[in-house]
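Encoded as structure tokens, the structure appears first; notes follow it.
The values are calculated or read from the model by the stated rules, or taken from the named source; none is laboratory data. None of the values given here were measured: they were computed from a predicted structure. Every residue, glycine among them, receives a Cβ derived from its backbone with ideal geometry; neighbour counts consider all protein chains shown. Ligands, DNA and RNA are stripped out before the accessible areas are found, and what is left, the full protein with its side chains, is counted by its heavy atoms. Shrake-Rupley method; radii C 1.70, N 1.55, O 1.52, S 1.80 Å.
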Amino acid sequence: MKFDTPAATNPIDQLTVIGKPISRIDGPLKTTGTAPYAYERHDEEVKNPAYGHILGAGIAKGRILSIDLAAAKAAPGVLTIITSENAGKLEKGEHNIAPLLGGPEIQHYHQAIAVVIAETFEQARDATHLIKVKYAPAKGAYDLAAAKDSAIKPKPGIAGEPDTAAGDFDSAFAAAPVQLDATYTTPDQTHAMMEPHASTAAWDGDKLTVWTSNQMIGWAHADLAKTLGIPKENVHVLSPYIGGGFGGKLFLRAEVVLAALGARATKRPVKIALQRPLMINNTTHRPATIQRIRLGAGKDGKLTAIAHESWSGNLPEGEPETAVAQTRLLYAGAGRMTAMRLAELDLPEGNAMRAPGEAPGLMALEIAIDEMAEKLGLDPIEFRILNDTQVDPEKPERPFSQRHFIECFRTGAKHFGWDKRKAAPSQARDGRWLIGMGVAAAFRNNLLTKSAARVKVDKRGIVTVETDMTDIGTGSYTIIAQTAAEMLGVLPENVIVRLGDSTLPPSCGSGGQWGGNNSTSGVYAACTKLREMIAAKAKVKPEDLDFEDGRVTAGSNSWSLAELAGEAGLSAEDHIEYGDLAKKAQQSTFGAHFVEVGVDLYTGVTRVRRMLTVCASGRILNPKTARSQVIGAMTMGVGAALMEDLVVDTTQGFFVNHDLASYEVPVHADIPHQEVIFLDETDPASSPMKAKGVGELGICGAAAAVANAIHNATGIRVREYPITLDKLIDHLPPVS
């Protein structure tokens with residue numbers, strides 16, 4: 001199905017199932033421990049498994065001089081040990097920056113250099129400690145601030161050109177009577193998902209099956225085949241249940257490849273899960289940024305000049321953190337420029353983490369906007385509204401398909417009680433707590449990508465949907481079932497959904513908050529084709545059919561869906577692909593974050609007291625699963641604001657706090673009740689579902705809202721995340 005004209009009224013608009021807060025259909029499996037995660041296969045196909053344990057490099061850059069395996073090989077239960085010396089030729093996957101098995105060259109700390117395969121996990125782990133490695137370390141670059149001046153202009157990437165400009169920024173900024181020129185920093189961050197990277201691999205002759213935890217089946221399938229040098233048709237990837245990913249499982253990682261190599265060597269299924277202390281340096285992370293923002297405005301509060309420059313680092317061939325992306329689209333201003341620069345660092349690979357680009361970019365931009373409002377003596381909300389734009393500021397001929405940015409702020413302000421906020425800092429107290437309110441914009445682009453599905457109906461009238469889409473805890477199973485149920489007039493409980501299997505029609509996968517809209521649109525396309533097949537059997541036009549309560553009606557004629565399916569059943573497969581609607585009009589999602597904090601006057605400890613996020617993100621397919629996505633993202637925003645920080649050893653080149661004991665994330669006690677309001681919006685230009693993404697919008701800007709609330713509470717402006725108490729305690733108002 002080609003989607004090249006805005007959606008008209010269609011069966012989804014009935015909203016009998018779509019838009020209802022249905023509980024996740026995979027929930028009972030997950031809460032009872034019966035969902036088969038990648039490491040937990042116990043069926044016949046993985047009978048008598050062996051276990052692998054990976055050894056990571058003990059240096060960040062250099063060479064292995066020698067590796068002594070003798071003691072490890074002699075250890076109890078050891079079946080084999082694989083290193084680069086005996087692994088055979090391995091290619092590098094399309095989506096990998098560094099080889100997944102290092103040696104003799106080492107590209108980053110904890111790069112996998114060996115895997116021990118043994119009868120038990122404990123035996124494999126113990127033998128790994130017996131491997132003796134001698135290294136020749138090389139000098140590396142590990143400090144973004146030190147490498148900033150050597151950063152280069154990167155190649156165009158997912159965010160387009162690294163530099164953009166419109167109007168004359170320099171002249172506009174120089175002439176502006178009110179100016180801001182400030183630098184902000186965000187630290188390296190890690191995904192810290194609950195389920196580690198884990199895989200089980202088994203061979204049947206020259207055919208490989210892997211059960212893994214991966215967000216993008218198509219990418220994993222292609223890159224695993226390429227890495228091993230075998231035909232794609234000989235590789236079967238399954239990932240039906242994923243215990244969180246946040247972008248860290250978008251790509252093929254070391255444990256998949258090493259499980260496959262171990263299984264081939266031992267002729268047995270092999271299970272490998274990355275140990276938590278290895279994950280953080282072995283896999284990907286969100287890179288740190290240094291961001292300079294310059295704003296110029298007239299005394300009337302209207303922005304005339306906007307500049308956003310960002311520096312980040314990565315391994316050779318890596319891409320930058322696209323922290324300027326939102327600034328190109330969010331606010332009006334005639335003179336504008338953005339620029340990204342990339343420094344070569346020898347730290348582990350920097351790559352996607354929930355809302356790459358906008359999440360760290362808005363951490364800086366939305367503090368700068370608040371600072372500018374303060375300089376102008378304007379309310380932060382009114383300043384944002386004053387500088388709203390209904391067109392792409394860099395390409396004014398392109399309007400937004402939908403932009404309810406102002407409504408997000410107006411709705412949130414009323415609901416949150418913004419009128420009770422004290423404009424001057426340090427004016428509100430509750431005992432020993434300084435109380436403050438903060439606000440920030442949320443913004444994330446709506447990404448469209450091809451997605452396919454197969455829909456079948458059997459002689460019982462049961463509908464089955466098949467697509468290689470994944471569910472990373474987002475509710476894919478549920479909204480896909482709702483889509484098929486709406487299109488074919490059946491109850492959601494009469495829809496079976498099969499996901500996460502490379503033999504199924506290729507989907508968009510899960511990432512970039514594109515999964516929900518695109519995958520359900522693929523299901524819509526397949527259901528539309530199935531409706532046409534049903535109409536042909538009923539000998540009527542498709543548009544004359546009504547599907548309801550498991551029956552198909554045309555005028556005075558009525559059939560059960562099972563009857564029309566017949567003994568053999570019916571099956572239809574199709575995909576959604578998009579025309580140029582997204583080029584004609586900018587498609588984005590918008591929101592407004594509201595936060596109230598308390599800062600302890602004596603200790604500088606910050607507590608978040610209230611949170612509200614208002615979202616304008618197209619049709620909400622399921623408000624229960626969507627709300628869960630948004631509050632999870634808001635929680636990650638609190639973590640980014642107050643605690644998350646991968647500390648770099650700039651001498652040895654690794655992240656020091658590489659476990660969940662010392663990499664702090666929010667716990668229940670850190671998070672108050674969170675409210676989410678979804679504006680009633682549809683976007684016919686987006687897809688036949690008239691939906692957009694929402695899973696990443698909730699993190700975009702959330703950290704800045706916390707930062708702005710802290711400033712309102714204390715009068716202290718912190719531009720270096722995270723905002724820990726040491727950055728506050730020496731500057732707090734005197735105790736009266």
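Which percent of the Cα-Cα distances in region 388-483 go past 23 Å? Don't jump to the answer; show the numbers that get you there.
Working: 2804 of 4560 pairs.
Counting pairs separated by more than 23 Å, the tail of P(r) holds 61 percent.
Along the positive direction of the dipole of region 364-442 (beta-carbon charges: Lys, Arg +1; Asp, Glu -1; about the Cα centre), which of Trp418, Phe400, Gln390 reaches farthest?
Trp418
What pairs from Lys2/Lys541; Lys249/Lys456; Lys459/Lys537; Lys153/Lys395; Lys155/Lys395; Lys155/Lys375 go past 25 Å between their alpha carbons? Intermediate values should be presented prior to the final figure.
Details: Lys2/Lys541 20 Å; Lys249/Lys456 30 Å; Lys459/Lys537 14 Å; Lys153/Lys395 23 Å; Lys155/Lys395 21 Å; Lys155/Lys375 37 Å.
The answer is Lys249/Lys456; Lys155/Lys375.
Give me the percent relative contact order of the chain, please, defined on Cα pairs under 8 angstrom at least 6 residues apart.
Relative contact order, the chain: 17 percent.
Quick one: pull the percent of accessible area on the chain belonging to carbon and sulfur, 1.4 Å probe, ligands and nucleic acids left out. Intermediate values should be presented prior to the final figure.
Working: 14410 of 27720 Å².
Roughly 52 percent of what the probe reaches on the chain is carbon or sulfur.
Given a 1.4 angstrom probe, what's the average accessible area per residue across region 516-568, in square angstrom?
48 Å²
Using alpha carbons only, how many angstrom separate the centre of region 162-176 from the centre of region 697-728?
Centre-to-centre distance over Cα atoms comes out at 28 Å.
Could you compute the net charge surrounding Ser558? Neighbours are other residues with a C-beta less than 12 Å from the C-beta of Ser558; K and R count +1, D and E count -1.
-3
Quick one: which of 700-706, 558-564, 4-10, 109-115 comes out on top by average Cβ neighbours within 10 Å, and what's the full order, highest first?
Going by the mean number of other Cβ atoms within 10 Å, highest first, we get 700-706, 109-115, 558-564, 4-10.
Quickly estimate the mean residue ellipticity at 222 nm for the chain, helices only: each DSSP H run with n ≥ 4 gives -39500 (n - 2.57), and the total goes over all residues, rounded to 500. List each step's numbers first, then the result.
Numbers: 17 runs with 177 residues, N = 736.
That calculation yields -7000 deg cm²/dmol at 222 nm.
Determine the per residue accessible area of region 265-387 with all protein chains present and a 1.4 angstrom probe, expressed in square angstrom.
Solvent-accessible surface per residue comes out at 24 Å².
Which value, in debye to the nearest 20, gives the size of the charge dipole of region 200-357 about its Cα centre, when Lys and Arg are +1 and Asp and Glu are -1 at the Cβ?
Numbers: 19 positive and 13 negative charges, 80 e Å.
Here region 200-357 has a charge dipole of around 380 debye.
Using θ = phi - 60° and the Karplus form 6.51 cos²θ - 1.76 cosθ + 1.60, what ³J(HN,Hα) does each residue of region 480-497 get, whole Hz, x for Gly and Pro?
5, 4, 4, 5, 5, 5, 5, 5, 10, x, 10, 6, x, 5, 9, 10, 9, 10
About the Cα centre of region 149-220, what is the dipole size in debye to 20, counting +1 per Lys and Arg Cβ and -1 per Asp and Glu Cβ, all else neutral?
Details: 3 positive and 10 negative charges, 51 e Å.
Dipole size: approximately 240 debye.
Under 14 Å Cα to Cα from Lys414, which aspartates and glutamates show up? Leave out anything in the same chain fewer than 8 places away.
Hits, sequence-local ones excluded: Glu382, Glu675.
Quote the charge dipole size of region 76-193 about the Cα centre in Debye, to the nearest 20; the model charges only the Cβ of Lys and Arg (+1) and of Asp and Glu (-1). Show your work: numbers first, answer last.
Details: 9 positive and 15 negative charges, 103 e Å.
The calculation lands at about 500 debye.
Which whole-number percent gives the relative contact order of region 216-279, counting Cα pairs below 8 Å spaced six or more residues apart? Kindly include the intermediate steps, with their values, before the conclusion.
Numbers: 41 pairs, mean separation 19.2, N = 64.
Relative CO of region 216-279 lands at 30 percent.
Once Lys and Arg get +1 and Asp and Glu get -1 on their Cβ, which of Gly296, Gly247, Gln275 lies farthest toward the positive end of the dipole of region 242-300?
Most positive-ward Cα: Gln275.
How about Lys61: which aspartates and glutamates have a C-alpha closer than 15 Å to its C-alpha, ignoring those fewer than 8 places off in the same chain?
List returned: Glu105, Asp143, Glu344, Asp346, Glu349, Asp649.
Rounded to the nearest 0.05, what FRET efficiency do Lys450 and His95 give with R0 = 22 Å and r taken as the Cβ-Cβ distance? Could you check?
On the way: r = 17 Å, r/R0 = 0.79.
For R0 = 22 Å, the calculated efficiency reads 0.80.
Quickly rank 337-347, 676-686 as a protection proxy: mean count of other C-beta atoms within 10 Å, highest first.
The packing order, highest mean first, is 337-347, 676-686.
Positive end of the charge dipole of the chain (Lys, Arg +1 and Asp, Glu -1 on Cβ, about the Cα centre): tell me which of Pro76, Ala145, Gly695 has its Cα farthest that way.
Of the candidates, Pro76 comes out farthest on the positive side.
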